[in-house]
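Enquirer: Dropping a structure here in C-alpha cells format, bear with me for questions.
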Amino acid sequence: MRHRHILTDPIVDNNPVTVQILGVCSALAVTRTVWPALVMAIAVTAVLMFSNGAVSLLRNVIPRNVRLILEMTLIASAVIVADEALKAYTPEISATLSVFVGLIITNCIVLGRAETFALNNSVVASLLDGLGNGLGYGALLIAVAAVRELLGSGSLLDQHLLASPDEGGVWLTNQFMALPASAFFIIGLLIWALRSWRTQQIELPAYREVRHKP
C-alpha cells in the first residue's frame, strides 16, 4: 500500500509542476507539440529513476560532505546517456529539444528527489518515487503540448484533427500557441482547475495565520 502511494501521489496530489512548481522552464520550452514533450517526459523519467535508484543504493556509503557532488555526477552521467540515445534513435526530436535535454541536470525535480527521498529510503521505494514523479511531470507536459498543438495547428501527434486541408477546410495557425508564453497561461489554468478540484492544494496566505492568533 505504501509503495502504491509513493507511485501515485506525485501524479495529482503532489505533482512536481502544479503543486511544487518545479520543472516549469522545460514545460514552457518543449511543449509546442506532443512528440518532443513525450520524449522529454521519457528522458526525465529515466534520469529520475536512475538517479534515485543509484543514490538510494549508495546512501549508506556516500560521505555526507560530498553527497551533492556525487549526486550531480550520477545525474550528469544519466543525462549524457539519455542525450546520446536520443541523438542516435530520434535525431529530429533531439534537434528540436536542443539544449533542454542537457539541462535536465539542472532540473530541480531530479536533484530534489535524490536529496529528499532517495537518501532516506530503499531502492524499490526510490525507483517508484522516480517513476511517479516522472509520470506526474510527463502528464503535465503532454497535456500542455496537446492543447498547444491542437489549438495552434489543428493537429495532434502530427495528424490533422481540426479542419483538415484534405477535407477542404482551412485551419488558421494560431501563432500565440507557438510562443512559450502560451504554455505559461495553460499551466496557470491547469493549476487553477486542479486546485478547484483538490481544494487541499490551496495555499493559505500567511497573514491569515497571523490574524487568527490570539
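No value in this document is a laboratory result; all are computed from the given coordinates. On a predicted model such as this, the values are computed, not experimentally measured, just so you know. Using ideal geometry, Cβ is built from the backbone for each residue, glycine included, and neighbour counts are taken over all protein chains shown.
Enquirer: Quick one: among I69, I187, I109, which has the greatest mean-square fluctuation in a GNM of the chain with alpha-carbon springs under 10 angstrom?
Expert: Taking springs between Cα atoms under 10 Å, the residue moving most is I69.
Enquirer: OK, next. Run the numbers for H5 and F176: contour at 0.36 nm per residue of separation, minus the present Cα-Cα distance, in nm. Spell out each step's value before the answer.
Expert: Details: separation 171, 0.36 × 171 = 61.56 nm, distance 3.84 nm.
Result for the pair: 57.7 nm of gain on full extension.
Enquirer: Counting only other residues whose beta carbon sits under 11 Å from that of S122, what net charge do I get with K and R as +1, D and E as -1? Walk me through the intermediate numbers first.
Expert: Working: positive: R2, R59; negative: D129.
It works out to a net charge of +1.
Enquirer: Using a Gaussian network for the chain with springs between C-alpha atoms less than 10 Å apart, which of these wobbles most: A88, A145, A54?
Expert: The residue that fluctuates most here is A88.
Enquirer: Can you tell me how much longer the chain between R198 and I80 gets when fully stretched, taken as 0.36 nm per residue apart minus their C-alpha distance, in nm with one decimal?
Expert: 38.7 nm
Enquirer: Further, regarding this structure: Which helices, taking whole DSSP H runs in the chain, have alpha carbons extending 24 angstrom or more along the helix axis plus mean Kyte-Doolittle at least -1.0?
Expert: The qualifying helices are 34-58, 67-89, 123-153, 180-197.
Enquirer: Work through the residues other than S77 whose Cβ is under 15 Å from its Cβ and net out their charges, Lys, Arg +1 and Asp, Glu -1.
Expert: -3
Enquirer: Viscosity 1.306 mPa s, temperature 10 °C: what is the translational diffusion coefficient of the range 1-159 from Stokes-Einstein with a Kirkwood Rh over Cα pairs, rounded to a whole number of µm²/s?
Expert: Values: Rh = 15.8 Å.
Calculated translational D: 100 µm²/s.
Enquirer: In whole Å, largest first, what are the principal axis extents of the Cα atoms in the range 57-110?
Expert: Extents along the principal axes: 41, 18, 13 Å.
Enquirer: So what does the Cα-only Debye profile of the range 1-59 read at q = 0.25, 0.28, 0.29 Å⁻¹, as log10 I(q)/I(0), no solvent term?
Expert: -1.17, -1.19, -1.19
Enquirer: Turning to a different aspect of this structure: Using only DSSP helix segments of four residues or longer, with each worth -39500 (n - 2.57), what per-residue ellipticity at 222 nm results for the chain after dividing by its residue count and rounding to 500?
Expert: Working: 9 runs with 132 residues, N = 214.
Helix contribution divided over all residues of the chain: -20000 deg cm²/dmol.
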